[in-house]
Amino acid sequence: MRVRHSLSWSLLVLILLGIILVIGRATKKIDYIWQWQRMPRYILFKEQIDITAEDPGTISSIRNDGKDKVVILRTFDGKDETYRIPAGIVQVYEGDDLDSGDIIGSYKKWAVGILLIGLWLTLKMSFISVILAVFIGLITGLARISSSPAPKWLAIGYIELIRGTPLLVQLYIFYFFIGQLFSLSNEVAGILALSFFAGAYVAEIVRAGIQSIHRGQMEAARSLGMTYPQAMQFIILPQAFKRIMPPLAGQFISLIKDSSLVSIIAITDLTKAGREIATSTFSPFEAFFTVAALYLVLTFSLSMFVQYLERRYATHD
């Protein structure tokens, strides 16, 4: 068994090395120069902050306050203005005359780059969309199996409409038509489009999960005096939820990847951030490989979380 595992790991390493070799040779053919050193500043970087004088005047004193420098500027009106430079460099001396806008000192602080900003926006939009999609999918899934024709056919119409049209077209409709009609921001329009799109697929997953529970469960619950909603809430849905977790996780991972399309409605998500970096640095490979890695972190984390939930619920059976 140990020998088999060693061979399997060796094979995996050889395959990865082969992929790297193929990519390396391909980039040599097109004479591409890798510039990975440019990427970290688009994730996290030290930003220089310049502190400038608000009014013209003369530097009356400079003193230390711990690691900070405190500069007092006496304006020509006789007022004292205080400037604190945290652990930075003072670029003036006592007695210097300054105009408004002149730099007194500067310091550096950590700031997030455009990739992390895009990642946060993608994460936020995906999270809200998942919550709304679950709500829409649950309501629509229950309506889909209803014996009443009105909710049943409304649910069927919604599901077929969403599944029969591309997400890209739906985004345009939500942005240009519904967004203009209700004065929605582009982010809200994007979240709604993603939610209704994923909600249709979640509805079918919920329907399949409920119908996979044996009919005798419902009959037993009703024979104990439970109403239909009570039987659904306490007996059917908890069992169905365990069964639909894996397909739901797949749908949510797909939703995170589909969220990259919102960049077409002027939302600076992770994909659009990568496109802007590729345009400004002429390093498209590094930019989009980094974007792909960040998407992988998101989807892999979600996949691990769902596996944890599956193991936890399995122990309660």
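The values are calculated or read from the model by the stated rules, or taken from the named source; none is laboratory data. This is a predicted model, so every value here is computed, not measured. Using ideal geometry, Cβ is built from the backbone for each residue, glycine included, and neighbour counts are taken over all protein chains shown. Side chains included, ligands, DNA and RNA excluded: accessible areas come from the protein's heavy atoms. Shrake-Rupley method; radii C 1.70, N 1.55, O 1.52, S 1.80 Å.
Quick notes
- Centre separation in Å (Cα based) which lies between segment 95-136 and segment 217-256: 41
- A Cβ-based charge dipole, computed about the Cα centre of segment 76-187 with Lys and Arg at +1 and Asp and Glu at -1, lands at about 1340 debye.
- For the chain, Kirkwood radius (reciprocal of mean inverse C-alpha pair distance, Å): 25.1
- As a calculated quantity, the FRET efficiency between Glu94 and Lys67 at R0 = 25 Å, using C-beta atoms, amounts to about 0.80.
- Accessible area expressed per residue, the chain, with surrounding protein chains retained (probe 1.4 Å, Å²): 62
- Checking every one of the chymotrypsin sites (Phe, Trp or Tyr not before Pro) in segment 282-317 against DSSP loop status and a limit of 13 other Cβ atoms within 10 Å picks out Phe282.
- Spin-label zone in segment 252-293 - amide nitrogen under 20 Å from a point set 7 Å from the Cα of Thr27 along the C-beta vector: 274-293
- When the Cα positions of Tyr158, Gln35, Phe196 are compared along the charge dipole of the chain, Tyr158 comes out farthest toward the positive end, with charges on each C-beta of Lys, Arg, Asp and Glu.
- Among Lys257, Lys242, Lys29, the residue with the largest mean-square fluctuation in a Gaussian network model of the chain, with springs joining Cα atoms closer than 10 Å, is Lys29.
- Secondary-structure-derived ellipticity at 222 nm for the chain, considering helices only, amounts to -20000 deg cm²/dmol, per-run term -39500 (n - 2.57) for DSSP H runs with n ≥ 4.
- Positive-end extreme of charge dipole, the chain - chosen from Thr268, Ser10, Ala133 (charges on Cβ): Ser10
- 19 Å cut-off, amide nitrogen to a point 7 angstrom out along Glu81 Cα→Cβ, residues in segment 51-70: 51-63, 69-70
- Farthest toward positive dipole pole in the chain [+1 Lys/Arg, -1 Asp/Glu at C-beta], among Ile20, Ser60, Ala314: Ala314
- Fraction of accessible area attributable to carbon and sulfur, the chain (%, probe 1.4 Å): 64
- Summary value for the chain: 16 percent relative contact order, contacts being C-alpha pairs under 8 angstrom separated by 6+ residues.
- All Cα pairs of segment 164-289, percent lying beyond 25 Å: 48
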